1. Go through the range 220-234 and give me each residue that's at pLDDT 90 or above, in contact with a helix residue (DSSP H, G or I) (Cβ under 9 Å, 6 or more places away or on another chain) and crowded, with 18+ Cβ neighbours inside 10 Å.
2. When the range 158-178 is examined, which residues are found to be under 17 Å from residue 144 (Cβ atoms) and either at pLDDT 95 or above or in a strand (DSSP E or B) (or both)?
3. One residue is enough: does the range 354-374 have a residue meeting the conditions at pLDDT below 75, assigned to a helix (DSSP H, G or I) and surrounded by fewer than 18 Cβ atoms within 10 Å (Cβ to Cβ)?
4. Got a sec? Which of 333, 320 is exposed (fewer than 15 other Cβ atoms within 10 Å of the Cβ), part of a helix (DSSP H, G or I) and touching a Phe, Trp or Tyr at 6+ places or on another chain (Cβ under 6 Å)?
5. Any residue that is closer than 30 Å to residue 169 by Cβ, buried (at least 20 other Cβ atoms within 10 Å of the Cβ) and among the polar types (S, T, N, Q) - is there at least one of those in the range 67-83?
6. Of the numbered conditions (1) modelled with pLDDT under 80; (2) in a loop (DSSP other than H, G, I, E, B), residue 56 fails exactly one; give the number of that condition.
7. Pick out, from the range 179-271, the strands (runs of 3 or more DSSP E) lying fully within it that include 1 or more residues that are free of Cβ contacts under 8 Å to residues at least 40 places away in the same chain.
8. Within the range 296-317, can one find any residue that is at positive phi and loosely packed, with under 13 Cβ neighbours inside 10 Å?
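The values are calculated or read from the model by the stated rules, or taken from the named source; none is laboratory data. As the structure is a computational prediction, the values presented were derived from the model and not from experiment. As a convention, Cβ positions derive from the backbone with ideal geometry for all residues, glycine included, and neighbour counts pool all protein chains shown.
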Amino acid sequence: MQLSEAILQALHAAWSHKLRSFFTLLGIIVSVAFLVAVVAIIQGMNAYVRERIGGAIVGANAFQVRRTPIAVGLIDDEEWKAIQRRPIIAPEDVPYVARAIPDARAIALQSGWPTPQADIVWRDKTVGDVFVFGVTAPFQVVQDYQFAAGEPLSDIDVRERRPVIELGYDIADRVFDYPDQAIGEKIRILGQQYTVKGVVAKKGNVLGQSWDGFVMMPLTSFEALYGRRKTTVISVKMREAALVADGMQRAEEAMRIAHRLRPGQPDDFTVDTADALVSFWKNLTRLLFTVIPAVVAIGIVVGGIVIMNIMLMSVNERTREIGIRKSLGARRRDIRNQFLAESVTLAALGGVLGLSGGVALAWVVSLISPLPARVTLWSVVVALGLGASVGVIFGVYPAVRAARLDPVVALRYE
């Protein structure tokens, strides 16, 4: 029997016994679907963190000089205690970094963590728990802010401690009917009056969290309102991505000079890019990848055992057919290859159905939630390879058993 004929016969048998075939392949379908869907969601999340969250926090082609690293989740208690003993990142550090990186596109200073929240009041309207940031003017360049109305903060606003603010788009939208109407209006924050100078264009949501619900004011005005914060953050934007690594190295050298660190002493600051956040996220997802193989393996083994039992049942049901074929000249190899091809075809069919189910599940998850999903080529190859390998591994025994049947005994089988 030719391979194509064996495959067609296996498909015909599966179609003739739809319900039995479905339950036979259920373990493989569920396992492969789970593998494809989870991998698609994790890969999508990795890309999402890299493209959206990392860029929103740090900025494109940018890095930050911080007291506390961005990825704090995998730091043990002793390291955290050492970080807490670090000196603050202060405005006095900025000139050192600026002299070390004269080719930077922008070097900014911003208020550090924790970010305060306040109620924004305009006439009879109040928006509660709005994040308030203090920044120097170049920060708007670092973050690539565009403006829906008005104009950005200036160096003069910072130097003269002017009571002006920039509104995130969501705040302007909730308080005013149109962004243009906000310009020049007086808004009260903690009892102090500030003039709206500009409205930052909408940046959108990340994982359902809006990046447009903030108020931004000159750092000097921020310090007048909240006092000198415990620490600040220096943000540096390079002209292109290829220059970021060199800029980070020069910033590190400048900060060591600013903090008077001797050779051999560890850094008492952190120079971070969005890659630090991406690496932190990948470390978390790597834990998930250690669990996935175990779950998939259990389903695959169960599915393979079911396929083996079904193929053994098929051998018993077709014993007389095997005897007739052998009496007509079929060799053991022909019988073995026929049943092995049917087993592989059946398992591969389960892999294809599981792949389709996994892709559909990933699409549904991305449709009804902010979680993105990206089906990768390697997960598709693994899914189809799992299906075919299960057919080979668990189909060998039934195929060998069929090939060893005595033709005389097989012909007498009722």
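1. 221, 234
2. Within the range 158-178, the first condition is being under 17 Å from residue 144 (Cβ atoms), and the residues that meet it are 166, 168-169.
166, the sole residue that qualifies.
3. Within the range 354-374 (the criterion being at pLDDT below 75, assigned to a helix (DSSP H, G or I) and surrounded by fewer than 18 Cβ atoms within 10 Å (Cβ to Cβ)), the answer is no, since none of the residues qualifies.
4. Exactly one residue qualifies, and that residue is 320.
5. no
6. The failed condition is (2).
7. Values: elements: 186-189, 192-200, 214-218, 232-237.
Strands (runs of 3 or more DSSP E) meeting the threshold: 192-200.
8. Scanning the range 296-317 turns up no residue that is at positive phi and loosely packed, with under 13 Cβ neighbours inside 10 Å.
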